[in-house]
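Notes follow the structure.
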Amino acid sequence: QSKVAGRNRLCFFNQTMQEAITARAEMEQKLREAIEHNQFQLYYQIQVSSSGQALGAEALIRWQHPEDGQISPFNFIPLAEETGLILPIGEWVLNTACAQLKKWQQNPLTQDLVLAVNVSALQIHQEDFVEQLKSILQKHKITPERLKLELTESMLVENVSGIITKINTLRKIGVLFSLDDFGTGYSSLQYLKKLPINQLKIDQSFVRDLITDTNDRAIVRTIITMSHNLGLNVIAEGVETVEQKQYLLSEGCMNYQGYLFSKPVPIDEFEALIFRLSDT
Ligand code: C2E
Ligand code: MG
Ligand code: MG
Ligand code: MG
């Protein structure tokens with residue numbers, strides 16, 4: 001009896017697993033086609049100072065699939081990382097971002113904007129990452145001080161000293177670094193102390209309930225104080241309300257990103273926003 005049930009159960013699991021494997025393989029194939037057919041786009045989300053001045057933007061990838069419509073990075077970046085496809089995708093992102101920076105640097109209204117680009121663990125762990133980036137910077141002839149790479153704590157698990165060396169080399173030529181989603185990973189303060197970065201980015205999960213959750217308030221206050229004490233710039237992500245911005249400001253965080261200012265938007269919309277802001 002139980003043997004039969006067991007066997008049935010096994011069959012059931014097998015089928016589910018088979019379906020998952022097939023779905024994954026299909027998604028991987030779609031992702032390869034997306035790279036080949038250039039189905040990606042960068043959206044830009046403004047970053048502002050406490051006075052409302054535009055500091056720059058974060059570049060966020062969008063996948064425009066011909067049948068499925070827009071696919072969120074949450075639904076393909078993890079698979080891209082597992083399959084290694086994040087390498088060609090990441091290279092495309094860096095090239096596209098730098099081409100955009102080049103255009104901004106030719107216009108007085110946009111020449112000071114800093115563009116933040118997300119870099120995944122696999123990318124930065126590549127042996128020739130520094131060389132790759134240098135050649136992209138040279139190809140587009142951009143001022144490296146306008147490019148900010150967003151790293152996450154999760155990449156500070158293995159070969160931390162190798163990453164520190166890479167960051168140091170790139171810092172020397174001017175490239176900026178921000179630690180994204182700060183507070184959600186397991187990075188030890190030991191690493192933070194040694195990490196030659198410029199900025200901490202407070203994760204949106206702490207900003208969301210800032211007004212009502214006393215624990216979140218305490219965490220955010222602590223991150224801001226720690227940033228200042230370590231000589232780091234600090235920015236909050238996921239700022240949606242004036243109240244959240246006011247609290248962050250009152251605690252000394254002067255840089256913000258979130259729907260309160262703008263969603264991530266296509267380049268034309270982003271530039272329209274910048275020109276509108278500089279008009280006033
Ligand atoms: P992230 O780097 O932490 O980016 C912030 C995410 O929060 C973005 O989601 C953005 O649209 C969203 N967001 C911004 N403001 C608000 C707000 O006020 N409220 C709420 N609820 N959300 C807000 P998105 O664009 O879906 O990207 C998700 C994640 O995918 C990113 O998180 C990043 O980890 C990854 N990603 C996006 N583009 C790239 C890329 O080019 N390369 C790599 N490696 N990862 C990327
Ligand atoms: Mg980011
Ligand atoms: Mg983030
Ligand atoms: Mg985040």
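The values are calculated or read from the model by the stated rules, or taken from the named source; none is laboratory data. Since this is a predicted model, take the numbers as computed values, not measurements. Virtual Cβ from ideal backbone geometry, glycine too; neighbours counted across all protein chains shown.
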(message) I'd like the residue in the range 136-158 that is charged (D, E, K, R) and more than 16 Å from ligand 4 (Cβ to nearest atom) and, out of all such residues, is nearest to residue 113 (Cα to Cα).
(response) 146
(request) Select from the range 164-175 the residues that are closer than 25 Å to residue 56 by Cβ and out of contact with any helix residue (DSSP H, G or I) (no Cβ under 7 Å at 6 or more places or on another chain) and list them in ascending order. (result) 167, 168, 171, 172
(message) Under 9 Å between Cβ atoms, which residue pairs at least 6 apart in sequence (or on different chains) link something in the range 257-280 that is polar (S, T, N, Q) with a partner that is assigned to a helix (DSSP H, G or I) and surrounded by fewer than 15 Cβ atoms within 10 Å (Cβ to Cβ)?
(response) 262/269
(request) Go through 217, 171 for me and flag whichever is of a type in the set (Lys, Arg), within 20 Å of residue 119 (Cβ to Cβ), assigned to a helix (DSSP H, G or I) and more than 12 Å from ligand 1 (Cβ to nearest atom). (result) 171
(request) Please specify each residue of the range 147-181 satisfying the condition of being loosely packed, with under 14 Cβ neighbours inside 10 Å and either at pLDDT below 95 or of a type outside the set (A, V, I, L, M, F, W, C) (or both). (result) 157, 158, 159, 161, 162, 165, 168, 172, 174
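Every residue, every condition in (1) in contact with a helix residue (DSSP H, G or I) (Cβ under 9 Å, 6 or more places away or on another chain); (2) more than 15 Å from ligand 1 (Cβ to nearest atom), yes or no:
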site	(1), (2)
36	no, yes
51	no, yes
102	yes, yes
111	yes, yes
115	yes, no
(request) Within the range 205-216, identify whether any single residue is within 19 Å of residue 184 (Cβ to Cβ), under 16 Å from the mean Cα position of the chain (by Cα) and loosely packed, with under 15 Cβ neighbours inside 10 Å, and answer yes or no. (result) yes
(request) Confirm whether residue 240 is on the phi < 0 side of the Ramachandran plot, modelled with pLDDT of 95 or more and within 16 Å of ligand 4 (Cβ to nearest atom). (result) yes
(message) Take the conditions within 20 Å of residue 27 (Cβ to Cβ) and away from ligand 2 (no atom under 16 Å from the Cβ) and apply them to residue 64. Does it pass?
(response) yes
(request) Give, as residue ranges, the strands (runs of 3 or more DSSP E) completely inside the range 57-164 that count at least 2 residues that are within 26 Å of residue 185 (Cβ to Cβ) and aliphatic (A, V, I, L, M). (result) 114-118, 147-152
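Can you name the residue in the range 177-205 that is of a type in the set (Gly, Ala, Ser) and either without any contact (Cβ under 8 Å) to a residue 12 or more places away in the chain or part of a loop (DSSP other than H, G, I, E, B) (or both) and is also farthest from ligand 2 (Cβ to nearest atom) among such residues?
Result: 188.
Quick check, is residue 184 within 15 Å of ligand 3 (Cβ to nearest atom) and surrounded by fewer than 16 Cβ atoms within 10 Å (Cβ to Cβ)?
It is true that residue 184 is within 15 Å of ligand 3 (Cβ to nearest atom) and surrounded by fewer than 16 Cβ atoms within 10 Å (Cβ to Cβ).
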(request) Select from the range 243-261 the residues that are on the phi < 0 side of the Ramachandran plot and either touching a strand residue (DSSP E or B) at 6+ places or on another chain (Cβ under 8 Å) or surrounded by 15 or more Cβ atoms within 10 Å (Cβ to Cβ) (or both) and list them in ascending order. (result) 244, 245, 247, 248, 251, 253, 254, 255, 256, 257, 260, 261
(message) Name the single residue that is nearest to ligand 3 (Cβ to nearest atom) among those in the range 221-240 being of a type in the set (Val, Ile, Thr) and surrounded by 15 or more Cβ atoms within 10 Å (Cβ to Cβ).
(response) 235
(request) Only one of these is within 16 Å of ligand 4 (Cβ to nearest atom), acidic (Asp, Glu) and either surrounded by 14 or more Cβ atoms within 10 Å (Cβ to Cβ) or at positive phi (or both): 58, 91. Name it. (result) 58
